[in-house]
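Reviewing the structure listed below.
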Amino acid sequence: MDKPTARFDADAHAAEIRAQGFTVIPDFMDAETIQRVRDTLAPYEDSHHGRNDFEGLKTERVYTLVARGKVFEDLAEDARVMALMERFLQPGFQLTASQSIRINPGEVPQSIHFDDGFYRQPRPRPAISFTLIAAVDPFTQANGCTEVIPGSHLWGDPSDPARPKPEELEAMLVPMEVPAGAAFVMAGTLLHRGGGNRTDRPRLAFTNQYCEPWARTQEEWRLSIPKEMVREMSPRLKTLLGYDIWPPFMGMVTASHPLKSLEEGWVPPVVAQRPR
């Protein structure tokens with residue numbers, strides 16, 4: 001166990017999430033890991049620009065980040081993050097999204113939103129997903145740091161008369177100014193937005209998001225990551241990518257465990273059993 005993991009108090013961080021909707025891990029990445037992240041991302045720079053205001057028309061993203069390099073495999077299953085997720089999500093929880101986010105100069109703020117809004121169960125409710133955002137560059141209010149509304153993870157639906165009006169929300173935002181290497185984890189029900197970049201330099205970060213084992217993931221890993229790559233990944237990462245069963249049989253592959261589909265020479269039963 002490395003030193004940051006050894007001194008990580010998952011219960012204390014979980015208590016902060018329950019109280020305010022987020023927590024900060026100040027030493028999530030060391031300088032060597034940050035450089036590995038930069039080096040791994042470099043070949044993909046300028047590969048995907050935002051297509052709308054939410055993605056960011058001046059923002060670059062690299063999707064399916066978990067499969068882009070070993071450093072992102074390791075970060076997705078970081079022991080501290082896994083311990084924190086275990087305080088909130090059921091066994092067998094999954095990775096739902098993994099992407100880098102480079103906010104370029106001139107980008108405008110996102111709309112205020114919460115990350116698991118596509119799960120349409122009424123609020124207030126427990127979060128169905130949790131988001132980690134890691135700062136590769138320092139986050140400042142000027143360069144587009146994430147801005148959050150503390151306590152908003154406990155609010156009801158927008159129709160709740162006790163909830164602040166939409167026009168009041170912007171004044172409640174708190175900038176998450178953190179140094180390079182820090183990360184924060186927030187409940188999927190916390191209201192937040194990516195800020196605008198008023199500097200002349202880009203701001204780089206990445207996010208890994210995790211969800212309940214029964215929830216549909218944002219990224220469809222079995223279509224986006226080739227099986228030969230998944231075979232080389234750790235058992236924990238295979239579970240995060242959905243190669244597991246949520247009891248009694250959610251996630252089965254024609255009545256078999258999905259790990260069987262990774263075996264060399266495996267043929268889908270609908271093909272193997274087809275009448276000739």
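The values are calculated or read from the model by the stated rules, or taken from the named source; none is laboratory data. Bear in mind the structure is a predicted one, so any value in this text is a computation, not a measurement. FYI the Cβ positions are ideal-geometry reconstructions off the backbone, even for glycines, and counts take in every protein chain you see. Heavy atoms of the whole protein, side chains included, go into the accessibility calculation; ligands, DNA and RNA do not. Shrake-Rupley method; radii C 1.70, N 1.55, O 1.52, S 1.80 Å.
Give the range 90-113 a look and list any residue that's within 23 Å of T64 (Cα to Cα) and β-branched (V, I, T), or say none.
T96, I101, I103
Mind checking which residues of the range 217-254 are open to solvent by less than 50 Å² (accessible area, probe 1.4 Å), within 19 Å of P269 (Cβ to Cβ) and without any contact (Cβ under 8 Å) to a residue 40 or more places away in the chain?
Y243, G251, V253
Using the structure shown, decide if R276 is over 29 Å from I34 (Cβ atoms) and open to solvent by 80 Å² or more (accessible area, probe 1.4 Å). So that I can check it myself, show each step before the final result.
Working: over 29 Å from I34 (Cβ atoms): yes; open to solvent by 80 Å² or more (accessible area, probe 1.4 Å): yes.
In short, yes.
Provide a single number: the residues in the range 151-190 that are among the charged types (D, E, K, R) and closer than 19 Å to L204 by Cα.
Narrowing the range 151-190 to residues among the charged types (D, E, K, R): 157, 160, 163, 165, 167-168, 170, 177.
So of that shortlist, the ones also closer than 19 Å to L204 by Cα come out as 177.
Residues that pass the stated criteria total 1.
Take the residues in the range 255-273 that are among the hydrophobic types (A, V, I, L, M, F, W, C) and within 25 Å of E219 (Cβ to Cβ), then tell me which one is most open to solvent (accessible area, probe 1.4 Å).
Quick first cut of the range 255-273, residues among the hydrophobic types (A, V, I, L, M, F, W, C) only: 255, 259, 262, 266-267, 270-272.
Narrowing further to those that are within 25 Å of E219 (Cβ to Cβ): 259, 262, 266, 270.
Values: L259: 75, L262: 13, W266: 74, V270: 100 Å².
For the range 255-273, the residue satisfying everything is V270.
Which of the residues belonging to the range 254-269 are of a type in the set (D, E, K, R) and either touching a Ser or Thr at 6+ places or on another chain (Cβ under 6 Å) or in a helix (DSSP H, G or I) (or both)? Spell out the reasoning first.
Taking the range 254-269 and keeping what is of a type in the set (D, E, K, R), we get 260, 263-264.
Passing the criteria: only K260.
Could you grab me the full set of residues in the range 92-122 that are in contact with a Phe, Trp or Tyr (Cβ under 7 Å, 6 or more places away or on another chain), in a loop (DSSP other than H, G, I, E, B) and crowded, with 17+ Cβ neighbours inside 10 Å?
G92, F93, Q110
Pairs needed: first member in the range 23-40, under 12 Å from A135 (Cβ atoms); second member anywhere, open to solvent by 30 Å² or more (accessible area, probe 1.4 Å); C-beta distance under 7 Å; at least 6 residues apart or different chains.
D27/P4; I34/A180
If you go through the range 127-141 one residue at a time, do you hit one that is open to solvent by less than 70 Å² (accessible area, probe 1.4 Å), within 18 Å of F22 (Cβ to Cβ), part of a loop (DSSP other than H, G, I, E, B) and modelled with pLDDT under 95?
Scanning the range 127-141 turns up no residue that is open to solvent by less than 70 Å² (accessible area, probe 1.4 Å), within 18 Å of F22 (Cβ to Cβ), part of a loop (DSSP other than H, G, I, E, B) and modelled with pLDDT under 95.
For the range 39-82, name all the residues that are modelled with pLDDT of 95 or more, of a type in the set (D, E, K, R) and open to solvent by less than 80 Å² (accessible area, probe 1.4 Å).
Passing the criteria: E73, D74, E77, D78, R80.
Filter the range 166-191 for residues that are assigned to a strand (DSSP E or B) and either within 16 Å of A19 (Cα to Cα) or touching a Leu at 6+ places or on another chain (Cβ under 6 Å) (or both) and give the result. Walk me through how you get there before you give the answer.
Going residue by residue through the range 166-191, those that are assigned to a strand (DSSP E or B) are 174-175, 183-187.
Passing the criteria: V174, A183, F184, V185, M186, A187.
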